[in-house]
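Student: For reference, the structure I am asking about is given below.
The values are calculated or read from the model by the stated rules, or taken from the named source; none is laboratory data. What you see is a predicted model; the values in this text were computed from it and never measured. In this analysis, Cβ positions are derived from the backbone assuming ideal geometry, glycine residues included, and neighbour counts consider all displayed protein chains.
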């Protein structure tokens, strides 16, 4: 709506219909053109263009020095990116799947997130760690994790997760321009799910701001990334049963847009939080804390959470049972509204 | 492998020159510079241990015995180069230009100790093991991309070579031919585990073979050998010839840290035969007419004053500011962190 019009202030004349993965590609292309210090590091990102084709064609245009096929070494990718970042470059480090970020966890936890604080701002690491996440594409074991709370719990790094092609490009550009490290999660199940108009030039979507994507009065449904379409589908079904849902797309998982959450929940008095990661220790708990801190006396029903179960993400034969479905979300909407 | 990687020496324990090819390069100026810095960091190190015992700083990891390795290697660099130290390498960073007051502050739990003087590319000491190696490779890679001749040195111990980050760092350095000096101080113990139990390999230098990285094994207590071999590695790096792995075999004279008791794990008498690197240099100086009592006395006085005044400045430093907890995590502090800060400062009666 209006919000979107404002966001694309620069060069909004021309648009093209892009999928999310094309929008991600376009964001990197835009920034490689715009800023010589931007470089991409990752496994199979060069000639192959990435396993999801997110970097397709970029090495051809920008060369092997700026779109770098690295050894198969996540800690090496992130660790060398730290050295590049403190010495004048803006690395975009691709982790091929979020389930493979764990070898780099030490580097992210003990260095990427801390360097700025421990040097009192003398050194900083403006880098982006991009990673496809989530289940739903019948991928092999360990390819389908949603590990955002490992990083939202980690002070010193921002965590961003777009749900649409427009936001994917705008948020990725914002992440690359951010002076601090950003973990950028891409819902792989949404990579090719929809096309929408995406401006051809450089624009950004503000990190730390969510968006009300559907206006409603009875209950606030909060989601992001691959769960946004699930939440919207459930909201639509609820509408048919006479329950009016307000749907929020958080977009940034740290820092949370507390004002957006508070304003909506104070209006509806009810909240359903949907996420794909496991419930225990999941981000839903932090969102509940935000509601508790800002809107406790407005609540008309206990807050509902619809999350992945507290089990490792299963082999794909059972992944549809693991992930929140519109049916489960609808059940929680009903529970909240009819409490 | 020990035959393939013999321990190179230029002087022996008694200070005799055994490799005459360096005879001309070893002049009074160099000898005095090396001696000065080794003496300086030893004074700092011993002072720090004593301060910890008096409860005036926190836990401290002494580097005594490794002065030749640290001084010899870091003096082979130029001021534009990068240094990636571990927590036991403050001898190297002090020699490279780190501030002594701030180094004391670091060991007194202060982040100010990680802030290098402007223009000095000194990274904060890595406390996790081996994680600084990929950083040094990345920083060196950046210099190469910028087209400079600058290099980066990564310091690490024998235990670090068991970590994945060591191997990942070496592999990246090799694949991208980065101007990186991979400087290993094999002080023979990783806390309590001796190097023979750390690895089945006879040397650390041989690990470079797997990555096709030129590697050399040197006597880490022979400051000349450290200095000249590091110089060679630096020169190779500046010429675009990529990384070098240096294994400096040395000896940690003391405990892992002031919280550690090596008598629990070291056989009695082990290491007693090691001639410490300063004594060895003194032997050389005496053998070669570089021993200048007056100069020695003068620098001893100067250095003692320097250490004492750095200590005094550390103890007079303004108290740690609780605002610093919050202010440096992000460039633009998120609102929830600002709220946490304001609420806490109000509670403790600030602002």
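Student: Right, residue A:228: crowded, with 21+ Cβ neighbours inside 10 Å and touching a residue at least 40 places away in the same chain (Cβ under 8 Å) or not?
Tutor: It is true that residue A:228 is crowded, with 21+ Cβ neighbours inside 10 Å and touching a residue at least 40 places away in the same chain (Cβ under 8 Å).
Student: OK, next. Would you check if residue B:120 is within 9 Å of chain A (Cβ to nearest Cβ) and surrounded by fewer than 21 Cβ atoms within 10 Å (Cβ to Cβ)? Reasoning before the result, please.
Tutor: On the way: within 9 Å of chain A (Cβ to nearest Cβ): no; surrounded by fewer than 21 Cβ atoms within 10 Å (Cβ to Cβ): yes.
Here the answer is no, as residue B:120 does not meet what is asked.
Student: Here's a follow-up. In the set A:228, A:253, A:248, which member is part of a strand (DSSP E or B), at pLDDT 95 or above and over 30 Å from residue A:34 (Cα atoms)? Spell out how you get there, then give the answer.
Tutor: Values: A:228 fails: part of a strand (DSSP E or B); A:253 fails: over 30 Å from residue A:34 (Cα atoms).
On inspection, the qualifying residue turns out to be A:248.
Student: If the requirement is being within 22 Å of residue A:334 (Cβ to Cβ) and part of a helix (DSSP H, G or I), which of these qualifies: A:284, A:242?
Tutor: Numbers: A:242 fails: part of a helix (DSSP H, G or I).
Testing whether each residue is within 22 Å of residue A:334 (Cβ to Cβ) and part of a helix (DSSP H, G or I) leaves just A:284.
Student: Can you tell me which of (1) within 11 Å of chain A (Cβ to nearest Cβ); (2) buried (at least 22 other Cβ atoms within 10 Å of the Cβ) is the one residue B:111 doesn't meet?
Tutor: Residue B:111 satisfies all of (1) within 11 Å of chain A (Cβ to nearest Cβ); (2) buried (at least 22 other Cβ atoms within 10 Å of the Cβ) except (2).
Student: Mind telling me which of the residues A:222, A:207 ends up being in a loop (DSSP other than H, G, I, E, B) and either touching a strand residue (DSSP E or B) at 6+ places or on another chain (Cβ under 8 Å) or buried (at least 24 other Cβ atoms within 10 Å of the Cβ) (or both)?
Tutor: Numbers: A:222 fails: in a loop (DSSP other than H, G, I, E, B).
Only one candidate qualifies: A:207.
Student: Another question, then. Inspect all residues belonging to region A:318-335 and state whether any of them is part of a strand (DSSP E or B) and either more than 14 Å from chain B (Cβ to nearest Cβ) or surrounded by 21 or more Cβ atoms within 10 Å (Cβ to Cβ) (or both). First the steps, then the outcome.
Tutor: Here is the first cut: in region A:318-335, the ones part of a strand (DSSP E or B) are none.
Looking for residues that are part of a strand (DSSP E or B) and either more than 14 Å from chain B (Cβ to nearest Cβ) or surrounded by 21 or more Cβ atoms within 10 Å (Cβ to Cβ) (or both), one finds none in region A:318-335, hence no.
Student: Test each condition in (1) touching a residue at least 12 places away in the same chain (Cβ under 8 Å); (2) within 25 Å of residue B:94 (Cα to Cα) for residue B:142 and report the one that comes out false.
Tutor: With respect to (1) touching a residue at least 12 places away in the same chain (Cβ under 8 Å); (2) within 25 Å of residue B:94 (Cα to Cα), residue B:142 is out only on (1).
Student: Quick one: in region B:320-343, which of the residues that are touching a residue at least 60 places away in the same chain (Cβ under 8 Å) and part of a loop (DSSP other than H, G, I, E, B) is farthest from the other protein chains (Cβ to nearest Cβ)? So that I can check it myself, show each step before the final result.
Tutor: Let us first name the residues in region B:320-343 that are touching a residue at least 60 places away in the same chain (Cβ under 8 Å), namely B:320, B:324, B:328.
Subsequent filtering for residues that are part of a loop (DSSP other than H, G, I, E, B) retains B:320, B:328.
Working: B:320: 11, B:328: 5 Å.
Here the residue is B:320.
Student: Take residues that are within 14 Å of chain A (Cβ to nearest Cβ) and closer than 20 Å to residue B:78 by Cβ and tell me which of the strands (runs of 3 or more DSSP E) falling wholly in region B:123-234 contain 1 or more. Talk me through it step by step, then tell me what you get.
Tutor: Details: elements: B:152-157, B:180-186, B:215-219.
Ranges flagged: B:152-157, B:180-186.
Student: Suppose we filter B:208, B:254, B:242, B:220 for residues that are free of Cβ contacts under 8 Å to residues at least 60 places away in the same chain and under 30 Å from residue B:180 (Cβ atoms); which single one remains? Before the answer, list the steps.
Tutor: Details: B:254 fails: free of Cβ contacts under 8 Å to residues at least 60 places away in the same chain; B:242 fails: free of Cβ contacts under 8 Å to residues at least 60 places away in the same chain; B:220 fails: free of Cβ contacts under 8 Å to residues at least 60 places away in the same chain.
Going through B:208, B:254, B:242, B:220 in turn, the sole match is B:208.
Student: Are any residues in region B:11-28 touching a strand residue (DSSP E or B) at 6+ places or on another chain (Cβ under 7 Å) and in a loop (DSSP other than H, G, I, E, B), and if so, which ones?
Tutor: Step one: filter region B:11-28 for residues touching a strand residue (DSSP E or B) at 6+ places or on another chain (Cβ under 7 Å), giving B:11, B:17-18, B:23.
Residues satisfying the conditions are B:18, B:23.
Student: May I ask you to verify whether residue B:281 is more than 14 Å from chain A (Cβ to nearest Cβ) and either closer than 30 Å to residue A:182 by Cβ or in contact with a helix residue (DSSP H, G or I) (Cβ under 6 Å, 6 or more places away or on another chain) (or both)?
Tutor: Working: more than 14 Å from chain A (Cβ to nearest Cβ): yes; either closer than 30 Å to residue A:182 by Cβ or in contact with a helix residue (DSSP H, G or I) (Cβ under 6 Å, 6 or more places away or on another chain) (or both): yes.
In short, yes.
Student: Residue A:181: touching a helix residue (DSSP H, G or I) at 6+ places or on another chain (Cβ under 6 Å) and away from chain B (no Cβ under 14 Å), yes or no? Working first, answer last.
Tutor: Numbers: touching a helix residue (DSSP H, G or I) at 6+ places or on another chain (Cβ under 6 Å): yes; away from chain B (no Cβ under 14 Å): no.
For residue A:181, the condition - touching a helix residue (DSSP H, G or I) at 6+ places or on another chain (Cβ under 6 Å) and away from chain B (no Cβ under 14 Å) - is not met.
Student: Kindly state which strands (runs of 3 or more DSSP E) lie completely within region A:26-128 and contain at least 3 residues that are within 14 Å of chain B (Cβ to nearest Cβ) and over 19 Å from residue B:136 (Cβ atoms).
Tutor: Fully inside region A:26-128 and qualifying: A:38-42.
Student: Scan region B:291-314 and tell me whether some residue there is part of a helix (DSSP H, G or I), touching a residue at least 60 places away in the same chain (Cβ under 8 Å), surrounded by 13 or more Cβ atoms within 10 Å (Cβ to Cβ) and within 14 Å of chain A (Cβ to nearest Cβ).
Tutor: No, region B:291-314 contains no residue that is part of a helix (DSSP H, G or I), touching a residue at least 60 places away in the same chain (Cβ under 8 Å), surrounded by 13 or more Cβ atoms within 10 Å (Cβ to Cβ) and within 14 Å of chain A (Cβ to nearest Cβ).
Student: May I pose another question? Which condition number in (1) part of a loop (DSSP other than H, G, I, E, B); (2) buried (at least 22 other Cβ atoms within 10 Å of the Cβ); (3) out of contact with any strand residue (DSSP E or B) (no Cβ under 8 Å at 6 or more places or on another chain) is the one that residue A:138 fails?
Tutor: So residue A:138 meets the others, but not (2).
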